[in-house]
Amino acid sequence: MNHLPNLALALCLFSTPLLAAEVFEVGPGRETELPRGKEADGIRGDFVLRSDKVEAVVSANAPLRRANMSTFYGDDGVTPGCLFDLTIKGSNNDQLICYGPAGHGQVSYVRIVEGQSAIESVTTAAKNKGIYKRNEYRVADGDQGVWITTTLRNEKDTPDKVSLKDDFTRFNETGSADTIKWYDAVDPADKGGYALVVLKVTGMEKMADDVELAPGKEVVIERFLAVGTSALQAWGIAASKREETKTITGSIVDENGKPVTSAKLIVKIGNSKVTAYPDAEGKIALQLPGKKREATAMDMGRPDAPVAFENDTFKVTMAAASRIRFDIKDDQGRSAPCKVMFTGGPGSPDPDLGPVMRAHGCKNQYHSERGDFTVQVPKGNYNVTVVRGSEYDSLVQDIELAQGAEYVFTGILKRSVDTRGWISSDFHNHSTQSGDNICGTDDRLINIAAEHLEFCPTTEHNRIYDWLPHIEKLGLTDYVKTVSGIELTGRRQHINAFPFTPEFYTQDNGAPVWDDDPRITALSLRRHQGENPLRWIQFNHPDLANDFVDRNDDGLADGGFVGVGGMIDGIETQNGTTTDILEGAPYRVSRKPGALAAKATQLREFLWLQLLNQGHRLVAVGVADAHAVYGNGVSGWHIYLPSSTDEPAKIDWAELSPRAKAGNILVTNGPFMTVTTPSGKGPGDDERSSGGTTLKVKVQCANWLDISRVQVLVNSRPEPTLNFTRKTHPQMFKDGAVKFDESIVVKLQSDAHLIVVALGEETFLTGGYGTSDWGRMHPCAYNNPIYVDTDGSGFKANNDTLGFDLPTMGVSADAARALLIKAGKMEPLPVLPPLDQPTVK
């Protein structure tokens, strides 16, 4: 017998390096080996676990080590020794923010386990109130997941109740099937999922959220965290570690045999329905226990199809999808980013195209970075609206769509509002890089482009970041400009600042640390990476009472954080779903349906108006502070800035910065308004004019917007003689794109700052936002003040508090109601008759 071939094969095998699980600490030069994906958070000093199936990151024991801002709040928000990233090897599809077995907190050390493909995170009893804690993370070739063993031991001489509850953030779709927890990717299109199975518990009868440990006793929990292309695939892998499973393969195709990659397979396991997704060829591979399962294939725009697992295989043929193909261009003939809103007609509900935090299908909207795209929707009757921000007229069509049919929607978006010399901007928005939301970063940029915002600084929570690579990847450089920046965040005042340069692979990309005193935070940001005269420092959703009136929150006026106004460049006066500029009061008292108590809401715009009269030249900024795409998306509130170019690619922050700092800003949720004096002065400028001035006011709106009132505020008070409405002055208002174009004479006997407010009192933003939260607002725009010096001695504030003391902190609903009643802004509550005396039997 000739053994030479076998010998040659053996020699070949030994000469070829065998795959082996490994672990290493990430140092300079190895950063490119970190896992990638939507939630990837690895930096230098972290530890990478890698096998032939998976790659993962365990966070190092470094100061302030955390995945991102809102992984957890509070003083224990750091998360060293936790699992930050886990993805199938080479897929670059991490969807995990942070997993902390049996909780998280400070640790004593994180290190590689000698001689093993494992990492241990240990918190000694001395540093953990007498409770020793150890987490071991281990990978092995052939296993599509991570083995995790947790040991907790009471080293005190008294018993103690110890929490075993895991920290697992953050997924929309989660559940438990046969005691195995599963987690589906936030965006189904990302096709990723996780599943966690507890395999063995020692030291207690069964798994629970906590355990009573006697002195010297310990509990050991052995788990397996699986990762897959879906929650169902991960669930099956996790189940295979506990019981026998079999491999099931199948495919989902259309009537022509082409893969339906957008479909999903829903399998019922116990009381839970778990989802799997086909790959690019329409194929699905699963491991499931050998039980009969109810399964259904679903895809938007197609009838559901039942699935039968026969001989461990299946093939589903789905009917053709009903769909709408869009070909939308701007009036320059370019394929245009845009947003589509679908409203169900008679007998047809609004379609639900996906989760609120993604662009390509969020509730009944679809945001696109291009004008040519296709959206699958169920058959039915629809009112379809295409919009592109508040400068463009909308396109509206009623469509009757048959099953399997395709309707082609073509149109040209007309830019009816002339904003030459101004660019639209928003200084405050977020994506999943911030941690307090799970909106994809690409989704945020598509949202920005679709709503026609031209300049948006990158302002992620506690992480210096740059959206430019995302903009370039999406092909949006001609539509959106950014500069890298940050929102530095803590328990109280949040502050935006830009520009900065990210220091990648370091904690928070090199961001400074927030301080409770906003002056220290502002100074830290001002000096970080060196002084920069272009740097913008902005108070976000400020509590102006705390910042400028009542520093200690004790209800007593103490001047706030004295001097802070001179350390910042602007404040957000609006980022909500209301229009309060003409409210005329510091509070709104309201009661939510079903609530037992009323609530007093401080109206930021009113306090801003009060503070202007105290001499604080606070530049007003309107922002969306967007965390989702539908609902809390961009462009509800935004601003306009003067610019020498109308081309986003040519926008230069070096030009915009001094204009923003000077207050040359219009705040709006839709209408575009210009306000100028005869000498050409505008928002934020000083005007020297005795006896008053004339304001040239022009308001423009796209066809889905309208205004009905223009009101001039003189020193923050609405001047009754300068209040113009469609009812009282119909000759001033028009019905085309230009709604108002008048010269308003403002007579003054003393210095005054002037603000013009344009408001649609009877209309809403529904035409541009549909069912989204922004649609509830009235159209509104107002300029930053023009400061008129009437005697040549320099502008002097008049110190008027507008009929109310400057608000302090902690005002109750009853106290606010009393103030409003006294000022005639609210009706007294009716006096109830006395209750009848109960009858004693």
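The table that follows gives values for the structure above.
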quantity: About the Cα centre, charge dipole magnitude for the range 670-712 (Lys/Arg +1, Asp/Glu -1 at Cβ), debye; calculated: 100
quantity: For the range 650-697 versus the range 580-619, the gap between their alpha-carbon centres in whole angstrom; calculated: 25
quantity: Modelled label reach - Leu199, point 7 Å along Cα→Cβ, the range 265-302 residues with backbone N closer than 18 Å; calculated: 287-289
quantity: Protection proxy ranking, peptides 95-104, 245-254, 176-185, average beta carbon neighbours within 10 Å, highest first; calculated: 95-104, 176-185, 245-254
quantity: Which listed pairs, of Lys661/Lys696; Lys89/Lys273; Lys127/Lys156; Lys38/Lys473, have C-alpha distances above 19 Å, in listed order; calculated: Lys661/Lys696; Lys89/Lys273
quantity: Label-to-label distance, nm, for residues given as Thr801 and Lys165 (7 Å Cα→Cβ offset); calculated: 4.4
quantity: Per-peptide average of other Cβ atoms within 10 Å, ordering 321-328, 779-786 highest first; calculated: 779-786, 321-328
quantity: Per residue value of the accessible surface for the range 97-195 (all protein chains in place, 1.4 Å probe), Å²; calculated: 42
quantity: Nearest-0.05 FRET efficiency for Asn532 and Glu281, computed from C-beta distance (R0 41 Å); calculated: 0.20
quantity: Spin-label model distance (nm) - Arg325 vs Ser793, 7 Å beyond Cα toward Cβ; calculated: 7.4
quantity: Estimated inter-spin distance, Arg591 and Thr501, nm [label 7 Å along Cα→Cβ]; calculated: 5.9
quantity: His430 - accessible surface, heavy atoms, 1.4 Å probe, Å² rounded to 10; calculated: 0
quantity: Accessible surface of the chain, 1.4 Å probe, proportion on carbon and sulfur as whole %; calculated: 51
quantity: Length released on extending from Thr174 to Glu400, taking residue separation times 0.36 nm less the Cα-Cα span; calculated: 77.8 nm
quantity: Solvent-accessible area per residue for the range 374-526 (1.4 angstrom probe, square angstrom); calculated: 31
quantity: Accessible area expressed per residue, the range 566-654, with surrounding protein chains retained (probe 1.4 Å, Å²); calculated: 34
quantity: Two-site FRET efficiency, Arg36 against Lys734, from Cβ-Cβ distance with R₀ of 41 Å, rounded to 0.05; calculated: 0.15
quantity: Lys, Arg +1 and Asp, Glu -1 on Cβ, resulting dipole of the range 627-724 about Cα centre, debye, nearest 20; calculated: 220
quantity: Order of exposure, largest accessible area first, which applies to Asp814, Asp652 with probe 1.4 Å; calculated: Asp814, Asp652
quantity: Built amide H within the under 5 Å cut-off of Ser251, gap 5+; calculated: Ile284, Phe314, Lys315, Val316
quantity: Accessible-area value, Thr579, 1.4 Å probe, nucleic acids and ligands omitted, Å²; calculated: 30
quantity: Label-reachable residues, the range 93-112, where backbone N falls under 18 Å from a point 7 Å from Val513's Cα toward its Cβ; calculated: 105-108
quantity: Heavy-atom accessible area order for Lys200, Lys698, largest first, 1.4 Å probe; calculated: Lys200, Lys698
quantity: Area accessible to solvent at Asp418, 1.4 Å probe radius, in Å²; calculated: 60
quantity: Selection of GluC sites (Glu not before Pro), the range 144-252, meeting DSSP coil and at most 10 other Cβ within 10 Å; calculated: Glu205, Glu243, Glu244
quantity: Full-stretch length increase - Arg776, Thr721 - with 0.36 nm per residue and alpha-carbon distance subtracted; calculated: 16.9 nm
quantity: Amide hydrogen neighbours beyond the local backbone of Trp422, cut-off 5 Å, H modeled; calculated: Ser643
quantity: Selection from Gly435, Leu395, Met318 lying farthest towards where the dipole of the range 302-445 points positive, charges on Cβ; calculated: Leu395
quantity: Ala818/Lys258 FRET efficiency (R0 45 Å; Cβ-Cβ; nearest 0.05); calculated: 0.05
quantity: Nearest-20 debye value, the chain charge dipole, Cβ charges on Lys, Arg, Asp, Glu; calculated: 860
quantity: Alpha-carbon centroids, the range 462-513 and the range 328-401: separation in whole Å; calculated: 30
quantity: Dipole of the chain [Lys/Arg +1, Asp/Glu -1 at C-beta], most positive-end residue of Thr601, Gly90, Ala660; calculated: Thr601
quantity: Shape category assigned to the range 337-472 from the gyration tensor of Cα positions, a/c cut at 1.5; calculated: oblate
quantity: Met318, Met204, ranked by accessible area, largest first (probe 1.4 Å); calculated: Met204, Met318
quantity: Selection from Phe224, Pro469, Gln332, by position along the positive dipole direction of the chain (Cβ); calculated: Phe224
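The values are calculated or read from the model by the stated rules, or taken from the named source; none is laboratory data. Note that the structure is predicted; figures quoted are calculated from it, not measured. Using ideal geometry, Cβ is built from the backbone for each residue, glycine included, and neighbour counts are taken over all protein chains shown. With ligands, DNA and RNA removed, areas are computed over all heavy atoms of the protein, side chains included. Shrake-Rupley method; radii C 1.70, N 1.55, O 1.52, S 1.80 Å.
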